[in-house]
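Note sheet for the following structure.
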Amino acid sequence: MELGERKKTILKAIIQTYLETGEPVGSRTISKYTDLNLSSATIRNEMADLEEMGYILQPHTSAGRIPSDLGYRMYVDELIQEKDREVSQIQELMIQKTDRMEKVLKQVVRILASNTNYATMITGPSLHHTKVKFIQLSRVHEMQLLAVIVVEGNIVRNQIIDLDEPIDEDRVLRLNLLLNTQLNGLASEEISLGLITKMKEEAGIHSGVVASVIDAVAEAIAGDSEEVPVYTSGATNIFKYPELSDSGRASELISAFEEKEVLADMIRETIGEKNDSTEIQVYIGNESPVQTMKDCSVVTASYDLGKGMKGTIGIIGPKRMDYENVMDNLKTLKNQLDRIFRDNDG
């Protein structure tokens with residue numbers, strides 16, 4: 001008997017409900033499933049067919065049904081195909097968005113330098129406090145797995161996991177169910193030691209896989225701050241201000257401004273101090289986190305693309321900078337960035 005779309009939908013509903021509750025699932029429960037408009041009698045007939053085909057079991061007389069190994073296998077195979085498609089679509093979309101975003105950010109930083117006559121910088125967006133969307137384990141061979149982790153912001157991280165013990169497809173299936181049931185929708189701070197211990201116990205001899213996946217999740221959520229791009233413009237504007245333009249001071253300041261890692265460190269510090277605030281922040285003289293900028297003022301604002309993706313715009317000039325003009329420009333560009341990328345999201 002062919003497994004048609006209606007039977008697949010009912011089987012999926014049974015498995016998802018059972019994963020959530022751990023209790024056998026009855027026809028009345030399935031009749032309330034949001035995607036179905038079927039009577040309990042129709043669902044009972046379909047469940048009887050599914051049981052005859054070996055996809056579900058009835059553990060006790062008059063009890064609801066639970067998935068069989070065959071049912072789990074079909075569910076996970078379809079889930080993996082679906083996630084494979086989703087990962088491919090996400091990767092293509094992110095390549096397109098990254099290319100477009102880089103062009104926009106370079107244009108923004110040039111406009112800002114021209115409008116203010118100061119040195120300007122902007123970082124590409126990085127992840128902040130994102131959650132796990134899904135995890136997919138695939139067997140490379142019996143002693144190695146490929147873990148694909150997708151977090152909010154549609155950031156994809158791939159990691160090869162070497163195993164101490166051989167693993168078969170059924171064990172990979174159960175690990176996929178365990179990881180997705182327990183971790184999907186959680187932020188890193190919500191993954192407690194108790195939860196990790198429980199998952200390792202359930203994973204048995206493959207508890208190391210759970211540990212490796214959680215490490216990869218933490219890295220995906222944290223993002224690699226070393227690789228956050230920084231775009232700059234207007235460094236030579238520094239020479240327009242006598243208090244900054246003597247040869248030694250200007251050279252030191254421009255070198256610091258062109259050292260992207262110094263700027264990235266400054267941005268991480270200022271964001272950390274302000275708890276991810278998107279408000280405009282002003283650092284005058286000694287308040288600057290960068291020693292070579294103690295004779296300057298630094299004004300920053302974060303832009304927010306949604307889904308945990310944030311970046312920072314910064315302006316560096318003399319302490320006597322035109323603060324009102326700087327703040328107006330920052331506010332305008334910040335709002336434009338928010339709107340450009342949010343309106344075109346997806």
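The values are calculated or read from the model by the stated rules, or taken from the named source; none is laboratory data. Please read these numbers as outputs of a predicted model, since none were measured by experiment. Counting neighbours? That spans all protein chains shown, and the Cβs are built from the backbone with ideal geometry, glycine included.
Can you name every residue in the range 174-219 that is among the polar types (S, T, N, Q) and touching a residue at least 12 places away in the same chain (Cβ under 8 Å)? Across the range 174-219, the qualifying residues are 176, 180, 181, 182, 184, 188, 212. When the range 303-334 is limited to residues that are touching a Leu at 6+ places or on another chain (Cβ under 7 Å) and either surrounded by fewer than 20 Cβ atoms within 10 Å (Cβ to Cβ) or among the polar types (S, T, N, Q) (or both), the one that is modelled with the highest pLDDT turns out to be 318.
Restricting the search to the range 141-158, which residues are part of a strand (DSSP E or B), at pLDDT 85 or above and not small (Gly, Ala, Ser)? Explain how you work it out, then say what you get.
Kept after step one, since they are part of a strand (DSSP E or B), are these residues of the range 141-158: 141, 144-151, 155-158.
In the following step, the residues that additionally are at pLDDT 85 or above were identified as 144-149.
Result: 144, 145, 146, 148, 149.
Tally the residues that are farther than 19 Å from residue 194 by Cβ and in contact with a Lys or Arg (Cβ under 9 Å, 6 or more places away or on another chain), restricting the search to the range 172-183. Selection size over the range 172-183: 2. Checking each residue in the range 35-55 for being under 13 Å from residue 8 (Cβ atoms) and charged (D, E, K, R) picks out 35, 46, 49.
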